[in-house]
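The values are calculated or read from the model by the stated rules, or taken from the named source; none is laboratory data. Here the structure is a predicted model, which is why all the values come from computation and not from measurement. Note that we place each Cβ from the backbone using ideal geometry, even for glycine, and neighbour counts take in every protein chain shown. What goes into the accessible areas is simple: the full protein's heavy atoms, side chains included, and nothing from ligands, DNA or RNA. Shrake-Rupley method; radii C 1.70, N 1.55, O 1.52, S 1.80 Å.
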Amino acid sequence: MSDKIISFEQWLQSPPGQYFLAWEQERYDELVGDIFGYNALQLGIPQLAGLRANRMPHRWLAVSEAAELPGGAGHAGGAAALWADAVQLPFAATSIDLVLMPHTLELSVSPHAALREAARVLVPEGRLLISGVNPWSLWGLRQSSMRWYRRLGARGPLFVAEIEEFFSPWRLRDWLRLLDLEVESVSFGCFRPAMRSARWLDRTGWMDRIGPYGWSVLGAGYVVVATKRVLGMRLLEPAWRTARAPRGAVSVARREHAQMVRAVPDKGGA
C-alpha cells in the first residue's frame, strides 16, 4: 500500500469524498435557505457552495491560502472570496448573521480559537453551522484503526486524508455551551461503509435509506446548528404587539359594556 500523504482537498476528489461532499451540499442547501440577515460567511472548503441557497445580500468565502481562492464567484455559490484565517477574521464583533464551518475545526491548527472567533463575529441570535466526520461512525473507527497501525510501523494513507482528530457533536455541544451558543439541531448522514471503491459505495446505497431510522447517530457525517444567545438581551418586537391600552381605558370599557348588557330588556319576560 502506498504511504503517500493525501490532503483533504485531494480526498474530496475520491469516491468517498465526493459522496460525503454531495451529502453536505444537500444539507447546507436545506438549512441555510430560511436563515435571514445581511451578512453570511463560510470558512474554507471552496468545493462546497454552502451559501448558494441563502438569500443574504452580503456573502463571503474565507480561505486560509491564496491557492484555495476559487477562480470565479460561481465556484463559491455566489459568495465573494477573501483570504483570511479562521482564527483571525477581518470582521468586527457581532457583525455576521450566519457562519458556516465545514470541516473548519478538523483542519484548523487551533480549533478552540477558530470556534471562539466565529462566536465573536456572530450577532446575537446569529446562526452557526458546523459539519465534520463523526468519530463514532464506521468511517471514524477505520480512521482510528489505521492511525493505530501506523504507530506499529504499518504504511498507507489514512481513510479521510491527513486529519489527526475528529470532533463528535456531543463534544462540540460542550464547547459551544461555554461560548453561549445553544445547539438547535444535529443532522447525521452518510451511512454507507468506509470503502474507497465507487462501485461498493453504490452497492450499499440502500443503507442511506434506512440509516436515519436504524442507527442515525452512527452516520459518518454530521451538521450541527447552533444559535448565539446573549443573556439579558431582548429582541425588539413590532409596535402593534407591544402597544397596550391604558389601565383606566380598560376598566372604563368593561364598565360601559356591563351597563349596556343590563340595559337590554329580557325578551322572555316582555
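Would you point out which residue out of 74, 37, 78 is modelled with pLDDT of 95 or more and among the small types (Gly, Ala, Ser)? Show your work before the answer.
Numbers: 74 fails: modelled with pLDDT of 95 or more; 78 fails: modelled with pLDDT of 95 or more.
From the options 74, 37, 78, the qualifying one is 37.
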Of all residues in segment 27-55, count the ones that are touching a residue at least 40 places away in the same chain (Cβ under 8 Å) and in a helix (DSSP H, G or I).
-> 4
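Can you confirm whether residue 135 is assigned to a loop (DSSP other than H, G, I, E, B), without any contact (Cβ under 8 Å) to a residue 40 or more places away in the chain and touching an Asp or Glu at 6+ places or on another chain (Cβ under 9 Å)?
Taking the combined requirement at face value, the residue satisfies it.
Provide a single number: the residues in segment 213-233 that are of a type in the set (Lys, Arg) and either touching a helix residue (DSSP H, G or I) at 6+ places or on another chain (Cβ under 9 Å) or in a strand (DSSP E or B) (or both). Give the steps one after another, and end with the answer.
Step one: of segment 213-233, the residues of a type in the set (Lys, Arg) are 228-229.
From what is left, the residues that are either touching a helix residue (DSSP H, G or I) at 6+ places or on another chain (Cβ under 9 Å) or in a strand (DSSP E or B) (or both) are 228.
Residues meeting the conditions: 1.
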Do you know which residues across segment 86-114 are farther than 16 Å from residue 40 by Cα and either part of a strand (DSSP E or B) or open to solvent by 50 Å² or more (accessible area, probe 1.4 Å) (or both)?
-> 87, 88, 107, 109, 112
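Specify the residue that is surrounded by the most Cβ atoms within 10 Å (Cβ to Cβ); the eligible residues are those in segment 142-185 that are of a type in the set (D, E, K, R) and in contact (Cβ under 8 Å) with a residue 60 or more places away in the chain.
By that ranking, first place goes to 180.
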